[in-house]
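The values are calculated or read from the model by the stated rules, or taken from the named source; none is laboratory data. Since we're looking at a predicted model, the values are computed, not measured. Glycine gets a Cβ as well: all are built from the backbone with ideal geometry, and neighbour counts include every protein chain shown.
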Amino acid sequence: MIKEKIRSLLITRQRRIHELRVRRLLFDYEDYIAEYEKNNGYTQLREGKLPVITEDLIDADALIRGDGAGDRVYAMISKLDDKSPVIIAAVEGRLPDCASDVFSAAFEADQDIDLIYADEDTMTADGSYRNPYFKPDWSPDSYLDAFYIGSVYAVRAGLLRRLRDKAAAPFTINTSSVMDRLFGELAYLSGGFDKREGMSFPVGHIEDVLFHRNEGADLFKGRSFGSALQIGGNGSTDDNSVRIKDNSSSDVASFRSLISLVIPSKDHPEVLKVLFDSIRKYLGAGARNSSLTDDPSQSSVSENRSSADISLEIIVVDNGSSPDHKAAYEKLIDEMKAFCPAGYFYRPMDFNFSQMCNIGADNSRGDILFFLNDDIELVGGDFLPLMTAITLRKRCGAVGIKLLYPGGDIIQHAGITGIHAGPMHKMQRMSDSSEIYFGANRGIHDMAGVTGAALMVEKSVFEEVGGFSEDLAVAFNDVDLCYRILEAGYYNVCCNSYHLIHHESLSRGDDNADAVKTERLMSENDILCDKHPGIYERDPFYNRHLDSSNVVPEYEFQDPLQETIAEIIPSVPRDAARVMERARVDECAWVRVDFAGRLCRWNRLFGLKDGPGDGYFIKGYGFVLGSDNAIYDRKLLLRRVEDDSSMKPLDDKVLMLDIYDQARRDVFKNLEGQKGMELTGFRMRIGDRALEKGTYRIGMLFMDKTSRSRICNWWIRCITVEPEE
């Protein structure tokens, strides 16, 4: 009885300590915004504030025609020189006091940019701020699907005057929103719908909140992601058609194309048969000669129907199936020849996805390549004309589509995002039943990349960038291709209004199933980083305010309060023999590692040129299922092993190291009902000479501060300590 009371008191004490640490380590968004607005008034740049034109003063048609109805706006800018900015803002909300200075600073920093938009949030009735929308950099294909620009942008007076000077309106947006219509015209005049020059974007973006939108006001002004397709079920439309969204000179609304479906496959004819059956079912003559309709409610003035005449050929590349499976493949190919031209290329060799895809491309006749994994299954046909039309836009490179896991609405892929640890699938394993982060899983989005499991690209673009890199045999070859396409000035696009089914890893197995495959992934990730360091530092379509240090599917705010690398004191390893005597290995104890390696590599991923480069860095998360995690003190464990495949310990010695707690909202949200989960993340540094040379398996010890209980567990990841150079 006494012991129970004492433990109850200890638990209460630990809960209080935990709550204080949570308050210290979790930031408050309103405090953050208040501090930002306080510290961003660059009054030395200009005298006074920029002119503000609210949407109720704008007649977009009159501005474009240059008639008398637009004189009110032109009168407001008549005394401004061409380089002077003007703010265009919604009525329902307010600009912070610092908006003029921040916009002015952005225009001062880039003299070539004439049009800039900014992030925004929601202002509640009581004046508090919520729900910030941290937008991507300029994304023309996203804009054609939705007015994601929202409530505020700024334009130089000279660009605004050019509306009067143009002889015609080759680009038009028919919408009830004057802000939307005006922005589209200005973006067109800025070259926003053309192919870029490298990574230089023609429309600017300020990654800070410069507008507080009234609660209940429509951010998208009636044009949200996916709304143009009137999605029902798998994104089909009532008239079995899709809409061309862009009436600019860079796009086509009528086309005739031969698409080469390139499918790598080995020893899985039964899997390929599912794909073939779905192709025959959904891409028959009716689906392959679909009508396309320009949508006057969204982006085009044209009412004329135009057609897409799409033909298919199928190319299967086999890297060495058994004789029985080879015969089964040949039979499937013969059956498909009654549907469309089909070829089978048998090339026995070690698995190299890149090489297999390149063989298929080299033997294709189509002007468009559509790379498909053999474990893809079609669930409709309307996606094909849309993907094809977008692929044929002169500015577009790789085009992908949302993929779901079989048997439900769980997302496998909705575009590739570049975070500092490497490329990842945002929203993976999240439900597609509801809208995620302002429509990220709906509509059409420009992205850093798309998965090679379903990737369409013009053959000319594919050849221009050199095809798949064969030094990336297994992983990240599709990401590398997309990054090279992006760096060449094209936009990669993911069509999330439709979906296919991906029976993931049936062909090759799960890369995360064991330590050997994990290390292989890390090695190929290093190659990718060396090839594209700029995108590792910053994905232009993923806002810097969103979490880029943790491998999490959600769109979460990047915690501005966490310690910098320099502020983390290196941990000193100490012998854990006495503690481990009372510890037991328990499967309820979880430890997962996001990064374990040299600190210089972490700095390279983050683009930290001035941070400390000596030693090692480990980050991840750990918790105990079914317990109140507020009562535990956590320590990192290291144990020397023979190698990272066998994980066989060299001896009984275990080292224990201190860690820095970190908030992990993703873990907290995904384990609803578990107690004390706010601070499950950890980060730590180890000095260069703190450990002997060797390979160390990583684990975690959980010490109950209210009893003598000790539990631990080990993860499949290791860290290799190399001799000091």
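Which of the residues spanning the stretch 460-494 are within 19 Å of the chain's Cα centre (by Cα) and either small (Gly, Ala, Ser) or at positive phi (or both)? Within the stretch 460-494, Ala475, Phe476, Gly489 qualify.
Here Asp350, Asp334 are screened, and the one residue that is closer than 28 Å to Glu464 by Cα and either over 35 Å from the mean Cα position of the chain (by Cα) or modelled with pLDDT under 95 (or both) is Asp350. Across the stretch 685-692, a minimum of one residue is classified as modelled with pLDDT under 90 and assigned to a loop (DSSP other than H, G, I, E, B). Considering only residues in the stretch 218-245 that are assigned to a helix (DSSP H, G or I) and modelled with pLDDT of 65 or more, the one that is surrounded by the fewest Cβ atoms within 10 Å (Cβ to Cβ) turns out to be Ser227.
One residue is enough: does the stretch 664-671 have a residue meeting the conditions of a type outside the set (S, T, N, Q), closer than 18 Å to Phe595 by Cα and surrounded by 20 or more Cβ atoms within 10 Å (Cβ to Cβ)? There is at least one residue in the stretch 664-671 that is of a type outside the set (S, T, N, Q), closer than 18 Å to Phe595 by Cα and surrounded by 20 or more Cβ atoms within 10 Å (Cβ to Cβ).
Taking the criterion of being closer than 17 Å to Ser142 by Cβ and not acidic (Asp, Glu), the residues of the stretch 207-229 that qualify are Leu219, Phe220, Lys221, Gly222, Arg223, Ser224, Phe225, Gly226, Ser227, Ala228, Leu229.
I need the full set of residues from the stretch 445-483 which are over 16 Å from Phe353 (Cβ atoms) and among the charged types (D, E, K, R), in order please. Within the stretch 445-483, Asp446, Glu458, Lys459, Glu463, Glu464 meet the criteria.
Being in the same structural domain as Glu567 (by TED's automatic domain parsing), within 24 Å of Val551 (Cα to Cα) and over 30 Å from the mean Cα position of the chain (by Cα) narrows it down to one residue among Ile659, Ile631, Ile686; which is it? That would be Ile686, the only listed residue that is in the same structural domain as Glu567 (by TED's automatic domain parsing), within 24 Å of Val551 (Cα to Cα) and over 30 Å from the mean Cα position of the chain (by Cα). One residue stands out in the stretch 324-354 among those that are without any contact (Cβ under 8 Å) to a residue 12 or more places away in the chain and either among the aliphatic types (A, V, I, L, M) or not assigned by TED's automatic domain parsing to the domain that holds Val274 (or both): the one that is surrounded by the most Cβ atoms within 10 Å (Cβ to Cβ), namely Ala327.
Scanning the stretch 336-352 for residues that are of a type in the set (A, V, I, L, M) and part of a loop (DSSP other than H, G, I, E, B) returns Ala338, Met349. Taking the criterion of being in a strand (DSSP E or B) and either in contact (Cβ under 8 Å) with a residue 40 or more places away in the chain or under 26 Å from the mean Cα position of the chain (by Cα) (or both), would at least one residue in the stretch 155-177 satisfy it? Among the residues of the stretch 155-177, at least one is in a strand (DSSP E or B) and either in contact (Cβ under 8 Å) with a residue 40 or more places away in the chain or under 26 Å from the mean Cα position of the chain (by Cα) (or both), which makes the answer yes. Could you check, for the stretch 171-190, whether at least one of its residues is surrounded by fewer than 17 Cβ atoms within 10 Å (Cβ to Cβ) and at pLDDT 90 or above? No: zero hits.
I'd like the full set of residues that are in a loop (DSSP other than H, G, I, E, B) and within 32 Å of the chain's Cα centre (by Cα), limited to the stretch 353-370. Full working, then the answer.
Taking the stretch 353-370 first, the residues in a loop (DSSP other than H, G, I, E, B) are 363-367.
Ser364, Gly366, Asp367 - these are the residues of the stretch 353-370 that are in a loop (DSSP other than H, G, I, E, B) and within 32 Å of the chain's Cα centre (by Cα).
Of all the residues in the stretch 406-433, those that are in a loop (DSSP other than H, G, I, E, B), within 23 Å of His545 (Cβ to Cβ) and not basic (Lys, Arg) number 7.
Annotation note: Cβ proximity below 8 Å between a residue of the stretch 258-274 that is under 16 Å from Glu335 (Cα atoms) and a residue that is outside any helix (DSSP H, G or I) and hydroxyl-bearing (Ser, Thr, Tyr) (sequence gap 6+ or interchain) occurs for Pro269/Ser321; Val271/Ser265; Val271/Ser507; Leu272/Ser265.
Put simply, of Val624, Val593, Val654, Val641 the only residue that is among the hydrophobic types (A, V, I, L, M, F, W, C) and closer than 23 Å to Glu567 by Cβ is Val593. On inspection, Cys357 qualifies as in the same structural domain as Asp277 (by TED's automatic domain parsing) and buried (at least 20 other Cβ atoms within 10 Å of the Cβ). Scanning the stretch 517-536 for any residue that is under 23 Å from Arg604 (Cα atoms), of a type in the set (Phe, Trp, Tyr), part of a helix (DSSP H, G or I) and modelled with pLDDT under 95 turns up at least one such residue. When you go through Ala414, Ala454, Ala421 one by one, which is the residue that is in contact (Cβ under 8 Å) with a residue 12 or more places away in the chain, over 23 Å from Gly192 (Cβ atoms) and surrounded by fewer than 21 Cβ atoms within 10 Å (Cβ to Cβ)? Matching residue, one of Ala414, Ala454, Ala421: Ala421. Counting only residues that are closer than 22 Å to Lys653 by Cα and assigned to a helix (DSSP H, G or I), the stretch 574-606 holds 5 of them. Residue pairs whose Cβ atoms lie under 7 Å apart, sitting 6 or more positions apart in sequence or on different chains, and linking a residue in the stretch 543-559 that is under 15 Å from Arg429 (Cβ atoms) to a partner that is of a type in the set (Ser, Thr, Tyr), are Tyr555/Tyr437. Quick check: is even one residue across the stretch 143-163 modelled with pLDDT of 95 or more, under 17 Å from Asn214 (Cβ atoms) and small (Gly, Ala, Ser)? Yes, the stretch 143-163 contains a residue that is modelled with pLDDT of 95 or more, under 17 Å from Asn214 (Cβ atoms) and small (Gly, Ala, Ser). For the stretch 382-400, the candidate set comprises residues that are surrounded by 22 or more Cβ atoms within 10 Å (Cβ to Cβ) and over 20 Å from Tyr490 (Cβ atoms); within that set, the residue that is nearest to the chain's Cα centre (by Cα) is Phe383. Take the stretch 434-467 and flag every residue that is polar (S, T, N, Q) and not in a loop (DSSP other than H, G, I, E, B). The answer is Ser460, and nothing else. With the structure loaded, tell me whether Asp101 is outside any helix (DSSP H, G or I) and either over 30 Å from the mean Cα position of the chain (by Cα) or among the hydroxyl-bearing types (Ser, Thr, Tyr) (or both) or whether it fails that test. Judged against the criteria, Asp101 is not a match.
Looking only at the stretch 105-129, count every residue that is outside any strand (DSSP E or B) and aliphatic (A, V, I, L, M) and tell me the total.
Number satisfying all stated conditions: 5.
Scanning the stretch 468-505 for residues that are assigned to a loop (DSSP other than H, G, I, E, B) and of a type in the set (A, V, I, L, M, F, W, C) yields Phe468, Leu472, Ala473, Val474, Ala475, Phe476, Ala488.
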